[in-house]
Structure formats: structure tokens, C-alpha cells
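Everything below concerns the one structure shown next.
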Amino acid sequence: MSAPRVLVHADRDELVAAVARRLLGTLDRLVRDSDRPIHVALTGGSVGIAVLAAVRALPARDGLDWGRVHLWWGDERWVPRGSADRNERQAREALVDALPIPAPNVHPFPAADDGIALEAAAERYAAELRAFAEDGLGFPRFALTLLGVGPDGHVASLFPDRPELKETEAAVIAVRESPKPPPERLSLALPVIRASERVWLVLAGQDKASALGLALAGASYLEVPAARAEGTLETVFWVDAAAAAEVPRELLDGEE
Ligand code: 6PG
């Protein structure tokens, strides 16, 4: 796995703008360098959604061949499809609906009003992932997985001290009794995240400083799930100065 790098930007706006630029640049390079589909997992959370809105504002987004890109989600809240709390809806409003991307390339999780139970929804998303399986995995190898990080160190809907963190068989997990509302959620399992080539964690604000400091100081992923969110080629914590407050200086890569 790739050891984490920490890229610090002065504030949240600079951080969001930098991630958006790098995201578009990376996708553009990947589309040009290979003829494989480029699978990307999006995140919920205010920073992740702000990144998508910033991508939307970049003129360079029109130059990308979005037909080569597949968009998935790392997790979803189990709410009706039209709910403002749904990660899919927020991402669509921020960016996805403005893109010239074929509808079959967009892979939202099932929704609570789809008429299926949570467990069946997890299986359905796993089957969709299986249909794009690569490299002997039961799912696509994500070129890029974006993750927000909670103040408790959770990523996707993988919360501290929870059995979901140890899931090794299923690609998608039905989460019940989540400590953060809503209690029912769907999440990619850690092995799917860890098969990603690039994992970018986006964090802003002082309330994230402790989780980030612990993740980088070698805390167990059972206590700080973000500590195990690593990519095979690249693991980057994109942070603002407030979130970086408890990172040992020697681990900071500075601004880019
Ligand atoms: C959720 C959120 C959550 C979020 C992190 C980071 O499902 O409840 O999506 O997991 O990603 O808490 O959120 P911020 O980017 O807003 O700090």
C-alpha cells in the first residue's frame, strides 16, 4: 500500500480548489494514458461536495472525455432518492448533472424508496460492482476514491469500533445503527477502498485535527478507520491548516 502524504493548504477554499484542479488533471491524464474505463468513487460530506462544485466551475471540465469515466459512491445514507440528505443528490446538484456523462456510467446506490430492503440493496450494489470487476477482484479497481473524514475518523459509513470494519467477504455493507444519523446506510467495505489506486481523503476544520493526528500516528483503524484508507499507488490527506494542527511537522508535505 502507498504510505500517506499530507498536503496542507491555508484554508478550506484553497484546499477545495486544489483538490478540484488535481482531480480534473488526474482524470484527464488517466483517460489519455489508458483505454480502460476510469472508475471513481465519490464521497458525501461538505468538503467532498464543495470539491465537486469547484470541478464544475473549472473550464477544463469540458475538455475531458467523460464517456470514459464511471462514477460510483463510497457510501450512501438510506433515505428516499429525492432526499436532500442523499449523497447522490448532493453530488448530482454540485456536478454530475452538469456533465456530459452517459447515464449508464453513473452508479448511485439504491434508495430507501426503491422497494427493497437494506440488505438486498447492498447485494444489488455489489452485483453492479461485480459487473465491472477487474484484475481478479469482485469489483472494479477504482482509479480514485474520494473520502470525507468525520471528527471520529470515520470514512464512508465505516465507523470506529464497529464490526463492518472487519468485513472481508462482501464488497458492500448494510450498516444499521450508525452512530451518525441516519442510522441506516450502505457502504463500500474496506477491501474495496484499499484496492483503489488512489485514495484521497479531504478534511477541513479544527474538529478533524485529532482524528488526522491519530491516523498518522499509527492508531488502529478499529479506533480511527481513516488510518486504513490507503490506495495501492497513492494515499493523500488533503487538509487545511486547521485540520493539520496535530500532524507532526515532519509528516507535512506542505502546499502544492
Ligand atoms: C455522512 C457524511 C460523512 C462525511 C464526513 C465528513 O454520511 O454522514 O457524508 O461521512 O463524509 O463526516 O464531512 P465534512 O466533509 O462535512 O467534514
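Dipole of the chain computed with +1 at Lys/Arg Cβ and -1 at Asp/Glu Cβ about the Cα centre; of P191, Q206, P37, farthest Cα towards the positive end is P37. Distance between the modelled labels on D253 and R21, one decimal in nanometres: 1.5 nm (7 Å Cα→Cβ projection). With an a/c value of 1.5 or above and a/b not larger than b/c for the gyration tensor axes a ≥ b ≥ c computed over the alpha-carbon atoms, the stretch 132-207 is described as oblate. Dipole magnitude for the chain: computed about the Cα centre from +1 point charges on Lys and Arg Cβ and -1 point charges on Asp and Glu Cβ, it is near 280 debye.
Taking the DSSP beta bridges in the stretch 71-229 as the whole, what percent of them are antiparallel, to the nearest 5? Present the calculation step by step, with values, prior to reporting the outcome.
Working: 8 of 14 bridges.
Roughly 55 percent of the beta bridges in the stretch 71-229 run antiparallel, per DSSP.
Rounded to the nearest Å, what's the spacing between the alpha carbon centres of the stretch 166-182 and the stretch 96-111? Just the number, please. Between the Cα centres of the stretch 166-182 and the stretch 96-111 lies a distance of 23 Å.
For the stretch 1-77, just say rounded, prolate or oblate: build the C-alpha gyration tensor, square-root its eigenvalues into a ≥ b ≥ c, call rounded for a/c under 1.5, and beyond that prolate if a/b exceeds b/c, oblate if not. Intermediate results must be reported in sequence, preceding the final value.
Values: a/c = 1.41, a/b = 1.33, b/c = 1.06.
Because its axes are fairly even, with a/c under 1.5, the stretch 1-77 counts as rounded.
Name the shape class, rounded, prolate or oblate, that the alpha-carbon gyration tensor gives for the stretch 81-164, where a ≥ b ≥ c are the square roots of its eigenvalues, rounded holds for a/c under 1.5, and otherwise prolate holds if a/b is larger than b/c and oblate otherwise. Verdict is rounded for the stretch 81-164.
The sum of -39500 (n - 2.57) across all DSSP H runs of n ≥ 4, divided by the residue count of the chain, sets its helix-only mean residue ellipticity at 222 nm to -8000 deg cm²/dmol.
With the other protein chains left in place, how much accessible area per residue, in square angstrom, belongs to the chain at a 1.4 angstrom probe?
Values: 10420 Å² over 256 residues.
Heavy-atom SASA per residue in the chain reads 41 Å².
How large, in percent, is the carbon and sulfur part of the accessible surface of the stretch 110-256 at a probe radius of 1.4 Å? Carbon plus sulfur share of accessible area: 50 percent. Taking the average, over residues, of other Cβ atoms within 10 Å as the packing measure, peptides 59-67, 3-11 rank 3-11, 59-67 from highest down.
Kirkwood hydrodynamic radius, computed over distinct alpha-carbon pairs, for the stretch 1-147: how many Å, to one decimal? Before the final figure, lay out the partial values.
Numbers: mean 1/r = 0.0617 Å⁻¹.
One over the average 1/r among Cα pairs gives 16.2 Å for the stretch 1-147.
If a spin label sat at a point 7 angstrom from the Cα of E134 along the line to its beta carbon, the backbone N atoms of the stretch 57-93 nearer than 14 Å would be those of 68-72. Given a 1.4 Å probe and the protein chains as shown, E234 ends up with an accessible area of around 40 Å².
Temperature 20 °C, viscosity 1.002 mPa s: under these conditions the Stokes-Einstein estimate for the stretch 79-235, based on its Kirkwood radius over C-alpha pairs, is 131 µm² per second. A simple spin-label model places pseudo-atoms 7 Å from Cα toward Cβ; at T168 and A60 they are separated by 4.1 nm. Highest GNM mean-square fluctuation among R124, R29, R68, for the chain modelled with Cα contacts below 10 Å: R29. Exposure check, 1.4 Å probe, all protein chains in place: F139 carries approximately 30 Å² of accessible surface. The label point for R36 and the one for S83, both projected 7 Å from the Cα toward the Cβ, are 3.5 nm apart. Charge tally for P182 (other residues, Cβ to Cβ under 9 Å; Lys, Arg +1; Asp, Glu -1): +1.
The values are calculated or read from the model by the stated rules, or taken from the named source; none is laboratory data. A quick note: this is a predicted structure, and the numbers were derived from the prediction, not measured. Cβ sites come from the backbone with ideal geometry, for glycine too, and all protein chains shown count toward neighbours. What goes into the accessible areas is simple: the full protein's heavy atoms, side chains included, and nothing from ligands, DNA or RNA. Shrake-Rupley method; radii C 1.70, N 1.55, O 1.52, S 1.80 Å.
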